[in-house]
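Asks: I have a structure here, written as structure tokens, and I will follow up with some questions on it.
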Ligand code: ATP
């Protein structure tokens, strides 16, 4: 059964995973707050990434563990950093404004349709890239009928001709060679007549602020649009202060900010988000080997968190779409419900060349070359960057976990792996009377030292199971009359709803085993 984003967003709010930021004030477009369970889920994903990168990095191609260290850099850096990285001059998404609806769209996110029967004048239709074909058809027919350009039968054939940006040169934004295109004859995504869209223009996506008491250009600073810059700025400090040797990596997790033109699809594209980025420094000649290595490692990471192979897709980013610094990028894409049957980006693995260190060397005037201690020669390391959105990863886990099941009272359960589940187990005394409660409390006190667990005493047992299913708790331990006599509890498994009895003193080992597996 296909999953509906509306249902996922609603469960997230109802159960305390994610809320709109400033909810009581009506929210703020592109900003989200993580509730008690969302915070646990996000921390689990972050901690697992950190463990796999920094605490126990993978075994390298030569059979030895590779070396990765972590940093935690400032969100605000010297603004020269963003000149060097190209963000001040070029962190621009071409966008178009609609004069009627006052909405702003990314030109590469608006898809253009034309009717097969060429219209006179040549009207084109623009839709948000996620609009269903059925809706596109309905709107085109409605418009043509209104204009007396179509019969009343509704049989109109049309074709997708690309995105709005495809009609322009992406660098100069001059109208490209494609014939027969006139922006003044385009019906905008939310407009009722043609001619309301402006030609694409650029818009810098960095949020800015002022450092210090005065608000002049000389005090202007930026909120970082990606976490990797803080890694490059500290490259020399890390090399000088620790014993790392190329090849090695520096990892960072933290907030990033982009004034996205059209934040959308829940937390998929937001204006404040979190990234988990690794910069892997290596010799240029070793790039192909390390690139393949990282694609494999990152794929295994997502598979181990429960994203199935068939929901992942690897997009070799075409040359024309590569970032200016990259000669090769593979996007790991996931079948998010809003993209289904297509996929959308979860992580990008890019060969950044030696662009960043070279730029920062030039702009700072500081030597950033690496001295090979064996060959005694200096060189600029190349970089492979697996860059993933932590919050986007959370969305992938939520979407994957959401499972409709009409055979259970909750009608739905969240199929998180035990390691990712916000709560690992719930301890449920069958009744609030007798000695069920003290035994449950004792078990809770014992487990909570090691696991995030819930002790839930109130309501009938069915309702309590339903709640745990909806928040994705993999195991419920129920204390009943038999517990006092045979020192056992019932363990209910979330997905199958099957129940078995296990010894009270084996509960901890049981959980440990499940979380590991
Ligand atoms: P896009 O082209 O979709 O804007 P991008 O290719 O510029 O994204 P990167 O700069 O490569 O994205 O960022 C690396 C990762 O950071 C992405 O794979 C994604 O997981 C995450 N990310 C980027 N922008 C956002 C955002 N606005 N909201 C949430 N996550 C984001």
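Asks: Only one residue in 221, 215, 199 is in a loop (DSSP other than H, G, I, E, B) and under 32 Å from the mean Cα position of the chain (by Cα). Which one?
Replies: Sole residue among the options that is in a loop (DSSP other than H, G, I, E, B) and under 32 Å from the mean Cα position of the chain (by Cα): 199.
Asks: Working only within the stretch 86-118, note down all residues that are at positive phi and either within 16 Å of the ligand (Cβ to nearest atom) or in contact with a strand residue (DSSP E or B) (Cβ under 6 Å, 6 or more places away or on another chain) (or both).
Replies: 86
Asks: I've got another one for you. Which residue is nearest to residue 223 (Cα to Cα), if the candidates are limited to the stretch 243-264 and must be modelled with pLDDT under 95 and surrounded by fewer than 19 Cβ atoms within 10 Å (Cβ to Cβ)?
Replies: The residue in question is 259.
Asks: Another one. Evaluate the following for residue 257: is it in contact with a helix residue (DSSP H, G or I) (Cβ under 6 Å, 6 or more places away or on another chain) and either under 23 Å from residue 353 (Cα atoms) or within 16 Å of the ligand (Cβ to nearest atom) (or both)?
Replies: Answer is no for this residue.
Asks: Name the one entry in 383, 394 that is buried (at least 24 other Cβ atoms within 10 Å of the Cβ), closer than 21 Å to residue 451 by Cβ, modelled with pLDDT of 95 or more and within 15 Å of the ligand (Cβ to nearest atom).
Replies: Testing whether each residue is buried (at least 24 other Cβ atoms within 10 Å of the Cβ), closer than 21 Å to residue 451 by Cβ, modelled with pLDDT of 95 or more and within 15 Å of the ligand (Cβ to nearest atom) leaves just 394.
Asks: Please tell me if residue 83 is in a helix (DSSP H, G or I) and either without any contact (Cβ under 8 Å) to a residue 40 or more places away in the chain or more than 16 Å from the ligand (Cβ to nearest atom) (or both).
Replies: Yes.
Asks: Of all residues in the stretch 468-517, how many are assigned to a loop (DSSP other than H, G, I, E, B) and crowded, with 20+ Cβ neighbours inside 10 Å?
Replies: Here is the first cut: in the stretch 468-517, the ones assigned to a loop (DSSP other than H, G, I, E, B) are 472-474, 480, 487, 494-498, 517.
Then drop every residue that is not crowded, with 20+ Cβ neighbours inside 10 Å, which leaves 472-474, 494.
The total comes to 4.
Asks: Sort through 209, 262 and tell me the only one that's part of a loop (DSSP other than H, G, I, E, B) and touching a strand residue (DSSP E or B) at 6+ places or on another chain (Cβ under 9 Å).
Replies: The match here is 262.
Asks: Looking at (1) surrounded by 14 or more Cβ atoms within 10 Å (Cβ to Cβ); (2) at pLDDT 95 or above, which one does residue 205 not meet, given that it meets all the others?
Replies: Condition not satisfied by residue 205: (2).
Asks: Among the residues of the stretch 262-306, count how many are within 17 Å of the chain's Cα centre (by Cα) and within 13 Å of the ligand (Cβ to nearest atom).
Replies: Residues meeting the conditions: 19.
Asks: Still on this structure, I have one more. Please enumerate the residues belonging to the stretch 224-249 that are within 16 Å of the ligand (Cβ to nearest atom) and either in contact with a strand residue (DSSP E or B) (Cβ under 9 Å, 6 or more places away or on another chain) or not in a helix (DSSP H, G or I) (or both).
Replies: Once the filter is applied, which keeps residues that are within 16 Å of the ligand (Cβ to nearest atom) and either in contact with a strand residue (DSSP E or B) (Cβ under 9 Å, 6 or more places away or on another chain) or not in a helix (DSSP H, G or I) (or both), the stretch 224-249 yields 224, 225, 226, 227, 228, 230, 231, 232.
Asks: Moving to a separate point now. Restricting to the stretch 323-367, count the residues that are surrounded by 15 or more Cβ atoms within 10 Å (Cβ to Cβ), within 14 Å of the ligand (Cβ to nearest atom) and assigned to a loop (DSSP other than H, G, I, E, B).
Replies: Total meeting the criteria: 6.
The values are calculated or read from the model by the stated rules, or taken from the named source; none is laboratory data. This is a predicted model, so every value here is computed, not measured. Here Cβ is always computed from backbone atoms with ideal geometry, including for glycine, and neighbour counts include all displayed protein chains.
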